[in-house]
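Asks: Next up is a structure, given as structure tokens.
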Amino acid sequence: MSSAPARTYRLGVDIGGTFTDLLLIDESTGKTHSAKVPSTPSDSSIGVLNGIAKLCEQQGVDPRSITHVMHGTTVATNTVLEGKGARVGLVTTAGYRQVLQMARSFVPGGLGGWVIYKKKPLLAPLEFTVEADERIDARGEVIKALNETALRKSLEALKDEGIEAMTVSLVNAYANGAHERRVREICEEVLPGIAVSISSEVIPEMYEYERTETTVVNSYVRPVVSRYLRNLHSEIDRKMPGVKLHVLRSDGGLASVDAALDHPVSLLLSGPAGGVTGALWIARHSGFRNLLTFDMGGTSTDVALIQNEVAQTRRETRVADVTVRAPSIDVRTVGAGGGSIAYVPELTKALRVGPQSAGADPGPAAYCKGGEKPTVTDANIVLGYLPASSKLGGDMQIDRNRAVKAVKSIADALGKTVEEAAEGIINIVNENMFGALRLVSIEQGHDPRDFALVGFGGAGPLHANALGRLTGAWPVVIPPAPGVLCAYGDATTRLRDEASRTFIRRFQETSDVEVRDILSELTVIAQRTLLAEGVPNEAQSVSYQLDVRYQGQGMRLTIDVTEQDLRKDGLAEVARRFDELHKQLYTFALDTEHELVSLRAIVQGPETMVHAERMPAGSADPSHAQIDTSQIFVEGAWREAHIYDRSRLGVGNRIAGPAIVRQMDTTTLILPGHTGEVDAVGNILIRPNA
């Protein structure tokens, strides 16, 4: 019997709509190896296993030496988007049966008579909703005991309805979850084998509708996520016995498989969070504290904002018609990717791009996999930005003639040349992505000119220079491995959990000591998850969040503080930060009393050691890295561009545009009038010429 390998590795995996990216980290040295393989939409685990086999074979690594796999997934997101979740039953307090129907009476698009809004079917239909005869008040006191006999009778009626998951959300359960726990026990007796989610564990916070919908979504995606994670874990464990699988949460932290199975709603934006955590890693090693992140893949583009090395977060996540109260990195997504399809509607005769995508199968026309519709990737090939000699992922050939043929259908419809049509496609998709960047910057009170722009994803570096011109965010930073940066994020993020409690008090009604004591209790609760994963208390870091509002206000803002902040300046410092944030977002602050709404403790494990590889020093002249010249079409004219091999570039090399920089996982375009300079850790920093 062979002995176990001495060297151990961690693996980060990010599954996109077109490609699956993998990053292997040597735990003893921090050195990294990457690979990119086509995604397999029918079963994502196949693409993951193909990538692991390819990466291990390339690097001569025994798969059994991989001890941890960190994985960002879009399974929960796609389940909601495609409406393919479980059939959910719901138990509410008597009189609250229509809590999901009432919602917040919000009608998108205004209230004009011409607006017709058809809401999608509820995830927990009224006919599968059961009322429990019970009542608890807002302070957690039992007003009316649970009528168990009546509840059992009501649940019996659901036995033949094909219910696949149950939700329990009782009024004021955030203050006392005893009734919900008992209802769960009864559900498990009457409906054996069906998973039950209770709101007092999923989200113990006030607001009945949001708490109910969040818990229903947790039940809705739970069976699908459970099947996927169990199958993936089983397949990985078969090839790598004893491996630990962790899943990226929407808030950028890692969750164990068990935690993810219990609370899959925390994974709703798992996929996009990987790119932001990867950009945070870049920020720490390159000296840029304020970043706009721009992650363009094959299907969509995700953007976010990082300020002072902290990603902006939000407490509500919206996917399709569903809004859940769950922490997530504030990522905005637009249907603009390399596979986005260009078309000219018969009615308007105006060029449109996306959100429909060719995806991984059949993909853009140039991929030679059966695709015929013109895409953004095909337009980049026609314009010469993506040379036909490039090999996507290191080994996928592209065919320029097929790209030209596809884009010609757009040119004929518009009465333009093929090059003009292709440039129009690129300009429109760039404007679409600029709109998303405005949402996370200008509309949040931030000037994009105060930030650097990080372009990554398989298609990001092709468009990043143009987005820098539109936003005025300089420099544009192209990381050393932009095509697999999401996998960097998955591999370098930390185990994380949180515990929260609704605590509605005016500042003068409570004290610094009382608030600190509650946060200490919540810290102990959150630490249990990490302790179960073998992370001792001394290796954990703790931070706090307080949801605050002005007295009488409906909305609230989240304020981040540390234990040291609270001990030093207490609630006075919280009030000051709240006023500053309120003024930034809404241009004013009120001279009125502040009120606490919720308290939250966040616990994180230690960071994974990954070295930022130091590049060899070089002069300003990059000619040693030039491998070819080509023609590119920019601003209505063909121009000569030098093509460089990124692996040959050294620190200090200055690349004058127009230029193309090629590497395994992506291609970078530097436009005329701009220069890219290689920094100490291998980033290409693109700036306009003086």
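Asks: Quick check on the stretch 613-627. Is at least one of its residues part of a strand (DSSP E or B) and closer than 24 Å to G472 by Cβ?
Replies: Residues of the stretch 613-627 that are part of a strand (DSSP E or B), as a first pass: 617, 626-627.
Filter once more, keeping what is closer than 24 Å to G472 by Cβ: none.
Checked against the condition, which is being part of a strand (DSSP E or B) and closer than 24 Å to G472 by Cβ, the stretch 613-627 yields no hits at all.
Asks: Taking the options A526, A539, name whichever one is of a type in the set (A, V, I, L, M, F, W, C) and open to solvent by 20 Å² or more (accessible area, probe 1.4 Å). Walk me through how you get there before you give the answer.
Replies: Numbers: A526 fails: open to solvent by 20 Å² or more (accessible area, probe 1.4 Å).
Testing whether each residue is of a type in the set (A, V, I, L, M, F, W, C) and open to solvent by 20 Å² or more (accessible area, probe 1.4 Å) leaves just A539.
Asks: While we're on this one: Could you list, in sequence order, the residues of the stretch 170-182 that are open to solvent by less than 30 Å² (accessible area, probe 1.4 Å) and under 22 Å from A326 (Cβ atoms)?
Replies: L170, V171, N172, A173, G177, E180
Asks: Still on this structure, please answer the following. Against the definition (more than 16 Å from R325 (Cβ to Cβ) and part of a loop (DSSP other than H, G, I, E, B)), how does P192 come out, yes or no?
Replies: So P192 passes the test.
Asks: Return the total of residues in the stretch 283-301 being in contact (Cβ under 8 Å) with a residue 40 or more places away in the chain and open to solvent by 10 Å² or more (accessible area, probe 1.4 Å).
Replies: Within the stretch 283-301, residues that are in contact (Cβ under 8 Å) with a residue 40 or more places away in the chain and open to solvent by 10 Å² or more (accessible area, probe 1.4 Å) number 9.
Asks: From the list T313, T377, which one is more than 29 Å from A499 (Cβ to Cβ) and among the β-branched types (V, I, T)?
Replies: Step by step, each of T313, T377 is checked, and only T377 is more than 29 Å from A499 (Cβ to Cβ) and among the β-branched types (V, I, T).
Asks: Related question: Does at least one position in the stretch 642-651 carry a residue that is surrounded by 22 or more Cβ atoms within 10 Å (Cβ to Cβ) and within 21 Å of L467 (Cα to Cα)?
Replies: Checked the stretch 642-651: no residue is surrounded by 22 or more Cβ atoms within 10 Å (Cβ to Cβ) and within 21 Å of L467 (Cα to Cα).
Asks: OK, next. For the subset of the stretch 543-556 comprising residues that are of a type in the set (A, V, I, L, M, F, W, C) and in contact with a strand residue (DSSP E or B) (Cβ under 6 Å, 6 or more places away or on another chain), which member is nearest to E595 (Cα to Cα)?
Replies: V548
Asks: Just to be sure I understand the filter: pairs with C-beta atoms under 8 Å, separated by 6 or more residues or on different chains, first member in the stretch 31-48 and exposed (fewer than 15 other Cβ atoms within 10 Å of the Cβ), second member acidic (D, E) and not in a strand (DSSP E or B). Which pairs pass?
Replies: Pairs that qualify, where the first residue is exposed (fewer than 15 other Cβ atoms within 10 Å of the Cβ) and the partner is acidic (D, E) and not in a strand (DSSP E or B), are K31/E613.
Asks: A follow-up question, please. Anything in the stretch 487-520 that is without any contact (Cβ under 8 Å) to a residue 60 or more places away in the chain and either acidic (D, E) or farther than 21 Å from K568 by Cα (or both)? List them, or say none.
Replies: If the condition is that a residue be without any contact (Cβ under 8 Å) to a residue 60 or more places away in the chain and either acidic (D, E) or farther than 21 Å from K568 by Cα (or both), then E509, D512, E514, D517 are the ones that fit.
Asks: Could you tell me whether S389 is farther than 30 Å from I559 by Cβ, open to solvent by less than 40 Å² (accessible area, probe 1.4 Å) and touching a residue at least 40 places away in the same chain (Cβ under 8 Å)?
Replies: no
Asks: Next question, about the same structure. Quick check on the stretch 414-463: of everything there that is closer than 15 Å to V331 by Cβ and without any contact (Cβ under 8 Å) to a residue 60 or more places away in the chain, which residue is most open to solvent (accessible area, probe 1.4 Å)?
Replies: Checking each candidate, the answer is E443.
Asks: Does A406 meet the test of being buried (at least 24 other Cβ atoms within 10 Å of the Cβ) and closer than 23 Å to E640 by Cβ?
Replies: The answer is no for A406.
Asks: Restricted to the stretch 306-322, and to residues that are open to solvent by 30 Å² or more (accessible area, probe 1.4 Å) and part of a strand (DSSP E or B), which residue is farthest from Y209 (Cα to Cα)? Before the answer, list the steps.
Replies: Let us first name the residues in the stretch 306-322 that are open to solvent by 30 Å² or more (accessible area, probe 1.4 Å), namely 307-310, 312-316, 318, 320-321.
Next, from what is left, pick out any that are part of a strand (DSSP E or B): 307, 310, 313-316, 318.
Numbers: Q307: 32, V310: 30, T313: 22, R314: 18, R315: 15, E316: 13, R318: 14 Å.
The extreme case among them is Q307.
Okay, residues lined up against (1) open to solvent by 60 Å² or more (accessible area, probe 1.4 Å); (2) not hydroxyl-bearing (S, T, Y):
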{"residue": "G554", "(1), (2)": "no, yes"}
{"residue": "D560", "(1), (2)": "yes, yes"}
{"residue": "D569", "(1), (2)": "yes, yes"}
{"residue": "A572", "(1), (2)": "yes, yes"}
{"residue": "R576", "(1), (2)": "yes, yes"}
{"residue": "T608", "(1), (2)": "no, no"}
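Asks: So T492 fits all but one of (1) under 23 Å from Y174 (Cβ atoms); (2) crowded, with 22+ Cβ neighbours inside 10 Å; (3) in contact with a Phe, Trp or Tyr (Cβ under 8 Å, 6 or more places away or on another chain); what number is the exception?
Replies: So the condition that T492 fails would be (1).
The values are calculated or read from the model by the stated rules, or taken from the named source; none is laboratory data. Everything quoted here is computed from the prediction, not taken from an experiment. Because the Cβ atoms are built from the backbone with ideal geometry, glycine has one as well, and the counts that use them run over all protein chains shown. For accessibility, only protein heavy atoms count, side chains too; no ligands or nucleic acids. Shrake-Rupley method; radii C 1.70, N 1.55, O 1.52, S 1.80 Å.
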